[in-house]
Amino acid sequence: MIQTESAHITLPLEGFLTTNSQGIRRLIEWYTLAKEYRTKTITTCCNNLDWIDANLAALWSALMYKLEKENNLTFRIDEEILAKRFSILIRNGFSTGTIPFSSKTFIQNASFGPADDEPFSDYIESELMGQQEMKKLPPDLRGLIEANLYELYSNVFRHAGTTDPFFICGQYFPKRKELVVSMVDLGQTFLPPINKRTNGLINTQMESIDWALQGNSELGSEGGGHALKCIRKKFDEDGHCLQIVTGNTFWDSENIQSILGAFRVYNVELPGTMVNLIFKTNLLSK
């Protein structure tokens, strides 16, 4: 239910929000509804939210940041519901509050600006690589991830046409045997610079993702082509999964051989790019 006659608006967030094309699309749909308003307080109703992967806090935080900045919106979430059903979003720093300590399965929700090279490097080393499951990474994969995450971060500010922060969050899911790291930037999507670079030869987001994954050096969040190619190659070899969302298009390396294929095209658009690294933790110690 959407209320429109006051300065307070209620928008729903419903269903199962996992790190796949449907879950990510639902958050972008929430953003699309919210951006219709200006100078209001938006309460997100989570009564019918069945699940949200905690790493998606990176995407939700990025979308709220953009709405706060461009539409002068403020946001509220029912703290009681969060504490009872989604307390991980308090533990990982997405929302404020105090929750009793439990075993740490999360990688802190954080954001970094253009001058935060050293804090970002510290975060990767201590917060990400210090996570218990990440300590199981073989040395070659650990080195590749550290180097290429830093490249992805640094190239956002060199080439993506933005000074907005770079958002990152992660979560370990013991039952799914997955550790997921989500990164989001609010720069230009892959297509505009690739279209320009190829003199119009590449003219869809789907084609631009393919072009970037070939390792080309200039792309939407430009300069990250080499990093994406390296990560994809290693993930394919080791059985892990890489996802990319840019503009209206979602790509998943795990679905390449499926009947529907690796791509999904949305009727809504992410105002930037999201990269998800999905580590299959049962493979890390092999």
Check on L56, hydrophobic (A, V, I, L, M, F, W, C), in contact with a helix residue (DSSP H, G or I) (Cβ under 7 Å, 6 or more places away or on another chain) and either under 17 Å from L270 (Cα atoms) or assigned to a helix (DSSP H, G or I) (or both): yes
In the range 19-51, residues that are in contact with a Leu (Cβ under 8 Å, 6 or more places away or on another chain), in a loop (DSSP other than H, G, I, E, B) and under 19 Å from T246 (Cα atoms) total 2
Between residues in the range 122-139 that are within 16 Å of M183 (Cα to Cα) and residues that are of a type outside the set (D, E, K, R) and part of a loop (DSSP other than H, G, I, E, B), which pairs lie under 8 Å by C-beta distance while being six or more apart or on different chains? M129/L137
Could you tell me whether the range 89-112 includes any residue that is part of a helix (DSSP H, G or I) and exposed (fewer than 14 other Cβ atoms within 10 Å of the Cβ)? no
Answer with yes or no whether A54 is of a type outside the set (D, E, K, R) and within 24 Å of L242 (Cα to Cα). yes
Name the residues in the range 65-88 that are modelled with pLDDT of 95 or more, surrounded by fewer than 20 Cβ atoms within 10 Å (Cβ to Cβ) and in a helix (DSSP H, G or I), would you? Y65, K66, E68, K69, E70, N71
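The values are calculated or read from the model by the stated rules, or taken from the named source; none is laboratory data. Values in this document were obtained by computation on a predicted structure and should not be read as measured data. So basically every Cβ, Gly included, is an ideal-geometry build from the backbone, and we count neighbours across all protein chains shown.
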